[in-house]
Amino acid sequence: MHYIGSKERLLDFLQTQITLHVSKPLKQCRMCDLFAGAGSVSRHFAPQVAQLQCNDIEYYSYLINHAYLATASLQDYPEQLDALGGLKGHEGWITQHYTAQGGRLYFNDENARRIDAIRQEIETWMRSGRIDTQRYRLLLATLIVAASAVANTTSVFSAFLKTLKKSAQKPLVLQPLEITPQRASPHLIHNADANTLLPKLQGEILYLDPPYNLRQYGANYHLLESIAHYVPFTPQGKTGLGAYHSSAYSRRKDAFSALSNLLHQAHFEYIFLSYSSDGIINNDAIAHLMRRIGTYHQATIPHKRFNAKNATAASHRTTEFLHILHKPYM
C-alpha cells in the first residue's frame, strides 16, 4: 500500500539510531508508535520489543494496524476471502459517487460494485454474529488494502486521474494479508488523537512521525476512510470529500504548540521524532525545544521527497531529521 510519509525505506536507519541511543535491550522496552499511518514502523519493531502500542486517528489506519498486530487466529480466513471474492458486484454508495457514473473516476465500475458488495457482506456477517470484532477488522483491512491497489489515483485520494491507469483496470482481488497470528498478543492498538492519548501511556521508547506539511491525511485518504466506515453522506466537490479530521500538525499556526505539548506530557524515557527539512516547523526550533526538556541528539539521512508525478527526479530529494530526546524518566 503506497502511503505518503511512509518510513519503509528508513527502517534500517531507525533501527540503528534507536538501538544506539536506548540503553536497555529492546526486548525489555515498551514502545509506542503514536502516528502509525500504514504501520511499517510498528510492524518492524513489534517482534523486537516487550510491548508495542500503536495509534492513529484515521480509522482505516487503525483497521490495518489492528489486523497486522492484533490478529490472534487466521482460522477460516482464506475461506472467508474466497466467499467474499466470489460475490457478484452490485451498485451501492461507492459506485454511485466514486466512479465515472458519479463524476469521480476513483474506480472502474466493476471494482466499485465489488467493493460495495463485499463491504456490505462483511457488515452483514458482523451483525448476524457470523464473525467477531477481530475478524471484522481483519476483513475490512483486507478490503481496504485491495481497494487501494486498484484505485485510479497517484497514491493519494486527493484527486483522481482523468483516464483509467493500468493498475486501475485490473480486477479487485482480496489477497490474504501476510500476518503471523498471535496466540495472546501483548500489542495494543489505539484509534485516538495523539495529544489526547499520550498522557494515558507510558514506556521506554516513543516514536513520533507526525504530519510535517500542509497535506491533511484525512483529506488525502478520505475514500479509504469512507470505505472503512461505510456510512453514506453527500460527497462534496470534485473529489467527493466528506467531513475529515484536521490535524494541528498540518497547520502552521498550531503545529509547534501541538508538538511542544506532546513532548512535555510524554511519560517516555527516549523520544525519537522523524521530521523533514521540508517541514512547517523549523528543525532548529525542534532542537531548541528538546534541549530545554532533556538531553538532545540529532541524526540525518537523505530521503526521497514524495512527488506523485515524478518520484525519481534528483531534485525531489530532502533530508530526514531524527530528533532524539533522552527525557528524565517520570
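The values are calculated or read from the model by the stated rules, or taken from the named source; none is laboratory data. Note that the structure is a prediction, hence the values are computed from the model and not measured. Reconstructed Cβ throughout: ideal geometry from the backbone, glycine too, with neighbour counts over all protein chains shown.
Screening Ala67, Ala100, Ala36 for residues that are among the small types (Gly, Ala, Ser) and over 23 Å from the mean Cα position of the chain (by Cα) leaves exactly one candidate, Ala100.
Take Tyr106 and decide whether it is aromatic (Phe, Trp, Tyr) and either at pLDDT below 95 or outside any helix (DSSP H, G or I) (or both). Here the answer is yes, as Tyr106 does meet what is asked. Answer yes if at least one residue in region 274-297 is in contact with a Leu (Cβ under 6 Å, 6 or more places away or on another chain), part of a loop (DSSP other than H, G, I, E, B) and farther than 30 Å from Arg137 by Cβ, and no otherwise. The answer is yes; a qualifying residue exists.
Output yes when any residue across region 123-133 is modelled with pLDDT of 95 or more and within 25 Å of Gln216 (Cβ to Cβ), and no when none is. Spell out the reasoning first.
Of the residues in region 123-133, the ones modelled with pLDDT of 95 or more are 123-133.
Keeping just the survivors that are within 25 Å of Gln216 (Cβ to Cβ) gives none.
So far as region 123-133 goes, no, none of its residues is modelled with pLDDT of 95 or more and within 25 Å of Gln216 (Cβ to Cβ).
Among the residues making up region 269-305, those that are under 22 Å from the mean Cα position of the chain (by Cα) and within 17 Å of Leu325 (Cβ to Cβ) are Ile271, Phe272, Leu273, Ser274, Tyr275, Gly279, Ile281.
Going by what's in this entry, would Ser277 be described as in the same structural domain as Leu197 (by TED's automatic domain parsing) and modelled with pLDDT under 95? Answer is yes for this residue. I want to confirm something. Restricting to region 13-49 and keeping residues that are of a type in the set (A, V, I, L, M) and under 17 Å from His267 (Cα atoms), which single residue is surrounded by the most Cβ atoms within 10 Å (Cβ to Cβ)? Filtering first and then ranking leaves Met31.
Does Tyr77 satisfy being closer than 30 Å to Phe272 by Cβ, hydroxyl-bearing (Ser, Thr, Tyr) and surrounded by fewer than 23 Cβ atoms within 10 Å (Cβ to Cβ)? Even if it seems obvious, please write down each step before you answer.
Values: closer than 30 Å to Phe272 by Cβ: no; hydroxyl-bearing (Ser, Thr, Tyr): yes; surrounded by fewer than 23 Cβ atoms within 10 Å (Cβ to Cβ): yes.
No, not satisfied.
All conditions in (1) of a type in the set (Phe, Trp, Tyr); (2) at pLDDT below 95; (3) more than 30 Å from Leu325 (Cα to Cα) hold for Tyr230, with the sole exception of (2). Cβ-Cβ distances below 8 Å connect the following pairs, each with a first residue in region 99-126 that is closer than 19 Å to Thr234 by Cα, a second residue that is assigned to a helix (DSSP H, G or I) and among the acidic types (Asp, Glu), and a separation of six or more residues or different chains: Thr99/Asp109; Ala100/Asp109; Gln101/Asp109. Would you please name the residue that is nearest to the chain's Cα centre (by Cα), looking only at residues in region 106-137 that are crowded, with 18+ Cβ neighbours inside 10 Å and of a type in the set (S, T, N, Q)? Within region 106-137, the match that is nearest to the chain's Cα centre (by Cα) is Asn111. If only residues of region 150-176 that are crowded, with 18+ Cβ neighbours inside 10 Å and aliphatic (A, V, I, L, M) are counted, the one that is modelled with the lowest pLDDT is Val156.
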